[in-house]
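Some notes on the structure that comes next.
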Amino acid sequence: MIAGYGCKPVFQYKFRPLMADNRAADGGFCVILYENRILSFSTYDVNGAFVDELCFSLPGRVMQCFYSLLRNASSWLGASPCDLRGSALTPYASSFAFDGYDPIRIWGINQLLCEPTGSEAGFFARHLYVLFEDVANLFAENGVRLSLDGFTWDSNQIRPFRKCQIGYSSQQGVI
């Protein structure tokens, strides 16, 4: 079992560096919000192998707000292409998944955000970015800061835990 303890993921964001830069020893991260209000933050090495996972328990109202955001995005989210690419090389790739919709992979989101009005890729990239920012703001209200290329938390507001601290093992499920 994973951090959701058998619960369904409702939001997932993956960040993966593609070029050597100041993050060269970093293989990226993945953030998953489960329907039971558990937020999982996993890190990976440069080969894509799992390194670590921390979990956060968010208050119940987070789910109500999240689903409200999702309802507001329903008019365009289902029509979004599953693969969006800018024309230039990009330092990282992102993947967004929202409950009930196909995952969306984006290469060069910063470039796509600047596409001209009327561009399909620009339209969907801008809408996706606004939805992502709304979700990130929801997390920030609860001490978790998520950006396109980073994740931190305010330890005065929220404390991470590991699955093993509450009787779960990533290899065996419930123990």
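The values are calculated or read from the model by the stated rules, or taken from the named source; none is laboratory data. All values derive from a computational prediction rather than experimental measurement. FYI the Cβ positions are ideal-geometry reconstructions off the backbone, even for glycines, and counts take in every protein chain you see. Accessible surface is based on the protein model in full, side chains and every heavy atom, while ligands, DNA and RNA are left aside. Shrake-Rupley method; radii C 1.70, N 1.55, O 1.52, S 1.80 Å.
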May I ask you to derive the relative contact order of the chain, considering only C-alpha pairs under 8 Å and at least 6 residues apart, and to give it as an integer percent? 22
With a ≥ b ≥ c taken as the square roots of the eigenvalues of the C-alpha gyration tensor of segment 71-131, please select rounded if a/c is under 1.5 and otherwise prolate if a/b is larger than b/c or oblate if it is not? oblate
Can you compute the FRET efficiency between Phe161 and Asn110 using 1/(1 + (r/R0)^6), with r the Cβ-Cβ distance and R0 = 41 Å? Round to the nearest 0.05. 0.75
What angle, in degrees between 0 and 90 and rounded to the nearest 10, separates the Cα long axis of helix 120-140 from the longest principal axis of the Cα atoms of the chain? 30
Name the long-range amide H neighbours of Val10: under 5 Å, sequence gap of 5 or more, or other chain; modelled H, no Pro or chain starts. Leu33, Tyr34, Glu35
Distance in nm between pseudo-label sites at Asp45 and Ser119 (7 Å out along the Cβ direction from Cα): 3.8
Shape call for segment 99-164, from the Cα gyration tensor axes a ≥ b ≥ c (a/c under 1.5 means rounded, otherwise prolate when a/b beats b/c, else oblate), comes out prolate
For a quick check: with amide H placed at 1.01 Å from N, whose amide H comes under 5 Å from Leu18's, ignoring anything fewer than 5 positions away on the same chain? Tyr92, Ala93
Could you work out the relative contact order of segment 38-94, using alpha carbon pairs under 8 angstrom and six or more residues apart, expressed as a whole percent? 22
Could you derive backbone 3J(HN,Hα) for segment 30-47 from the dihedral phi with the Karplus parameters 6.51, -1.76 and 1.60 (θ = phi - 60°), listing whole Hz in sequence and x where the residue is Gly or Pro? 9, 10, 10, 9, 9, 5, 8, 6, 8, 10, 10, 10, 10, 10, 9, 8, 4, 8
Provide the descending list of Cα extents for the chain along its principal axes, expressed in whole angstroms. 52, 38, 31
For segment 46-92, with all protein chains present and a 1.4 Å probe, just round the carbon and sulfur fraction of the accessible area to a whole percent. 54
Could you tell me the accessible area of Thr43 in Å² (1.4 Å probe, neighbours in place), rounded to the nearest ten? 40
